[in-house]
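So the structure is just underneath, and the comments pick up after that.
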Amino acid sequence: MNAESLSVAVIGAGMAGTTHANAWRQVGTVFNLGLPKVRLAAIADAYEPFARDAAERYGYEKAVTDWRAIADDPDIDIVSIVVGNALHREIAQALIEAGKHVLCEKPLADTLESARAMAEVEAAHPELVTSTGFTYRRNAAVAEIARLVDTGHLGEVTHINARYWCDYGCDPNTPMAWRYSGPMGSGALGDVGSHLIDTAETICGRLVTVSGGAMLTAITQCPVAKGHVTRGTALDLAKASMAEVTNDDVASFTGVFANGAIDTFSASRIAWGMPNAMMIDVHGSKGRAAWDLARTVEIIVDDASAPRGLSGARQVLVNPTFPYFERGSSMAFGGVGLTQIEQFTYQAYAFLQEVAGVPEDEALPRCASFADGYREILIAAAVAESAATGGAAVDVSRYND
């Protein structure tokens, strides 16, 4: 590793992969100077047109079609893994064995066994930085709500309502893909529900039990495409064979936190007309706070600070007093310059700080570890058990083997 620069590669050039590519390109423009410069080394994707297009658009030096070319390149220091979850374990282990720092997209893996193995590899290589990509931890509004809870501003938290509703699976003509097969790490619970679980724990601490699990597969078959397809592609059913969908379109459950608060969770990939809708409501004994991804530059707050007779919900625009926003935006004043994309850049900056050895008390909060990613899949497994047993309560600690 060159102390003056760090070379970065991204494996996967789909929608999330190009967002990682953009984050590494932008990382030197936010927060404080002084970190090593980032060299944009390579983009890998099995579909060459994607790899080549992403490399050219985001300024990476080369495009390759085999991720092993990244693992074998001794000049690459940091790698983002942004491919199907069933591939995470093999790729991450090879990269770590090659001495590379690894940022792996969520959910960490497709099975408990693979997630556990990745956490064990992480523990065996403390000299390397290994992280799971839970980017909503980096959202300025979410982080501010977490701070309101942590400082006691909302009093004792009693209830959280967390939902993430998408519509990418609504069309029955959507081709079969990794998201629609496999036991875990895909489906609505694994895909968007994983963000809900990590975000809720970021705000309110650890979940101890889950109950009321319910999972629905409404679209039971998908057409099989013969060529390369992208998310949102639809096929003519009359010309395609069909494959069984093996995971959930909708998942819901209730969780209980160590502090006694409860959370109702809802995740869907067939919420018609809602392309990317995440919403969080937090209720405490002295106030409440809410956030909606569609209105990402604001939170709604109602607390005891208003004069008598003038209480009520008020809009608070994200501003430089919120975490991440000051020096994290090129135009850092209320209501301007914040989208979901910035979360990836803030995550990349925190990862880069850790690789560079910036002390924790001088750095942004550390990225989620592989162990954190494994924990999220443990919770998802508990939800699946609850659903399979008619909604019975499941002690999350039972899965901490």
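The values are calculated or read from the model by the stated rules, or taken from the named source; none is laboratory data. Predicted, not measured: the structure shown is a model, and the values here were computed from it. A quick note on method: Cβ atoms are made from the backbone with ideal geometry, for glycine too, and the neighbour counts reach across all protein chains shown. Keep in mind that these areas ignore ligands, DNA and RNA; they rest on the heavy atoms of the full protein, side chains included. Shrake-Rupley method; radii C 1.70, N 1.55, O 1.52, S 1.80 Å.
Taking residue 386, is it open to solvent by 10 Å² or more (accessible area, probe 1.4 Å), outside any loop (DSSP other than H, G, I, E, B), out of contact with any Pro (no Cβ under 9 Å at 6 or more places or on another chain) and among the small types (Gly, Ala, Ser)? Against the criterion (open to solvent by 10 Å² or more (accessible area, probe 1.4 Å), outside any loop (DSSP other than H, G, I, E, B), out of contact with any Pro (no Cβ under 9 Å at 6 or more places or on another chain) and among the small types (Gly, Ala, Ser)), residue 386 does not qualify. As for the stretch 315-330, it holds at least one residue that is out of contact with any strand residue (DSSP E or B) (no Cβ under 7 Å at 6 or more places or on another chain), of a type in the set (D, E, K, R) and under 16 Å from residue 143 (Cβ atoms). Of the strands (runs of 3 or more DSSP E) that lie entirely inside the stretch 244-334, those containing 3 or more residues that are among the aliphatic types (A, V, I, L, M) and either crowded, with 21+ Cβ neighbours inside 10 Å or in contact (Cβ under 8 Å) with a residue 12 or more places away in the chain (or both) span 250-257, 277-284, 298-303. Is one or more of the residues making up the stretch 13-23 of a type in the set (Ser, Thr, Tyr) and either open to solvent by 40 Å² or more (accessible area, probe 1.4 Å) or closer than 17 Å to residue 342 by Cα (or both)? Yes; the residues of the stretch 13-23 include at least one that is of a type in the set (Ser, Thr, Tyr) and either open to solvent by 40 Å² or more (accessible area, probe 1.4 Å) or closer than 17 Å to residue 342 by Cα (or both). Any residue at all in the stretch 185-194 that's assigned to a loop (DSSP other than H, G, I, E, B), out of contact with any strand residue (DSSP E or B) (no Cβ under 9 Å at 6 or more places or on another chain) and open to solvent by 20 Å² or more (accessible area, probe 1.4 Å)? Within the stretch 185-194 (the criterion being assigned to a loop (DSSP other than H, G, I, E, B), out of contact with any strand residue (DSSP E or B) (no Cβ under 9 Å at 6 or more places or on another chain) and open to solvent by 20 Å² or more (accessible area, probe 1.4 Å)), the answer is no, since none of the residues qualifies. Considering only residues in the stretch 169-184 that are open to solvent by less than 30 Å² (accessible area, probe 1.4 Å) and not in a helix (DSSP H, G or I), the one that is modelled with the highest pLDDT turns out to be 169. Regarding the stretch 357-369, can at least one residue be identified that is modelled with pLDDT of 95 or more, basic (Lys, Arg) and open to solvent by 40 Å² or more (accessible area, probe 1.4 Å)? Checking the stretch 357-369: at least one residue is modelled with pLDDT of 95 or more, basic (Lys, Arg) and open to solvent by 40 Å² or more (accessible area, probe 1.4 Å). Scanning the stretch 130-146 for residues that are within 18 Å of residue 17 (Cβ to Cβ) and either of a type in the set (Ser, Thr, Tyr) or in a strand (DSSP E or B) (or both) yields 131, 132, 133, 135.
For the stretch 88-120, taking the residues that are aliphatic (A, V, I, L, M) and part of a loop (DSSP other than H, G, I, E, B), the one that is nearest to residue 6 (Cα to Cα) is identified as 98. Can you name the condition, by its number, that residue 26 falls short on among (1) under 23 Å from residue 340 (Cα atoms); (2) part of a strand (DSSP E or B); (3) open to solvent by 20 Å² or more (accessible area, probe 1.4 Å)? (2) is the only condition that residue 26 fails.
If residue 59 satisfies every condition in (1) closer than 21 Å to residue 356 by Cα; (2) without any contact (Cβ under 8 Å) to a residue 40 or more places away in the chain; (3) in contact with a helix residue (DSSP H, G or I) (Cβ under 8 Å, 6 or more places away or on another chain); (4) not charged (D, E, K, R) but one, which is the exception? Condition (1) is where residue 59 drops out. Do the conditions hold for residue 36, that is, is it modelled with pLDDT of 95 or more and farther than 23 Å from residue 324 by Cβ? Criteria not met by residue 36. Residues in the stretch 202-229 that are over 30 Å from residue 243 (Cα atoms) and either free of Cβ contacts under 8 Å to residues at least 60 places away in the same chain or open to solvent by 50 Å² or more (accessible area, probe 1.4 Å) (or both): 4 in all.
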